[in-house]
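Just below is one structure, and these are the notes that go with it.
Read-outs: derived from the displayed coordinates by stated rules, not from any lab. Everything numeric here is computed off the predicted structure, so don't read it as measured data. As a convention, Cβ positions derive from the backbone with ideal geometry for all residues, glycine included, and neighbour counts pool all protein chains shown.
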Amino acid sequence: MTTILLIRHGVNDAVGKHLAGRTPGVHLNEEGKKQALELAKLLKDFPVKAIYSSPLERTLETAEPVSQAVGVPVQVHNGLIEADYGDWQGKSFEELHNLDLWRELLREPAAVRFPNGESLKEIQARAARAIEEIAARFEKDDLVLCFTHGDIIRLATAYFICLPLNEYQHLVTNPAAITELRFYEDRAFLARYNQCLTLNASQYCNSEAVKAG
């Protein structure tokens, strides 16, 4: 049974403020760097077979300390990249909350396509396909790490546990949190979801921090 750990990148200055999406040059802030080091400390003795990452800086910067700790190089996998939010990219959550499409996203996400970007169905299919492809490369009992983004983890998890797409927003993924999927033949099992390194007061002061960035 191949085990995949899906790990959201650490905190950056966009989290909870605006939708970073695929904007280049979004780096971990000091808190995010500490989270990456904590992940490295947590995972340093794990028998990691491979590490994959979204090509964006914030995921690579989260993966690198872990890579150094376990002695396994990071491989970029474009299927793990953040959603293409199209014209929404870079907009503040305050701006987005006033849009009719935002309300539709909350009401019926399966019908939503981001303006000049991907649809939720396309994002989910792409993320699930990438994770299945990675899992298929490895043998029983192999452990693989995938550093990616909040919506990618939520949508992929919904797919693998057969949660309807319209319900995916009931899942929350915190920065630097770990989700574990175990693959056996043609089935996936959710072993743990959104296991956070720590809890702190700031997580409860800004609910947008768990949504995107």
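For the reader, a short list of remarks on this structure follows.
- If only the Cβ of Lys and Arg carry +1 and only the Cβ of Asp and Glu carry -1, the dipole of the stretch 23-161 around its Cα centre is close to 280 debye.
- Centroid-to-centroid, using Cα positions, the stretch 1-23 and the stretch 107-184 are 12 Å apart.
- By the combined test of axial Cα extent (at least 18 Å) and Kyte-Doolittle hydropathy (mean at least 0.0), the qualifying DSSP H helices of the chain come to 120-136.
- Residue exposure proxy: Val72, Val144, ordered by other Cβ atoms within 10 angstrom of their Cβ from fewest to most, comes out as Val72, Val144.
- Going by neighbour counts of Cβ atoms within 10 Å, the residues His77, His97 line up, fewest first, as His97, His77.
- When the chain is treated as a Gaussian network with alpha carbon springs shorter than 10 Å, the biggest mean-square fluctuation among Leu120, Leu56, Leu43 belongs to Leu43.
- Listed candidates (1) 10.7; (2) 11.8; (3) 12.5 - label of the one calculated as mean projected area of the Cα convex hull in nm²: (1)
- Computed FRET value (nearest 0.05) for Thr23 with Gln169, which takes r as the C-beta separation and R₀ as 22 Å: 0.50
- For the pair Asp13 and Arg192, a Förster radius of 30 Å applied to the C-beta separation gives a FRET efficiency near 0.60, rounded to the nearest 0.05.
- Dipole magnitude of the stretch 2-74, debye to nearest 20 (Cβ charges: Lys/Arg +1, Asp/Glu -1, about Cα centre): 160 debye
- The stretch between Leu42 and Leu106 holds 19.5 nm of extra length on full extension. This uses 0.36 nm per residue minus the Cα-Cα distance.
- In this rough spin-label picture, where each label sits 7 Å from Cα along the Cβ direction, the Ile161-Tyr184 distance is 1.8 nm.
- Least to most buried among Phe138, Phe147, Phe189, Phe114 (fewest other Cβ within 10 Å first): Phe189, Phe138, Phe114, Phe147
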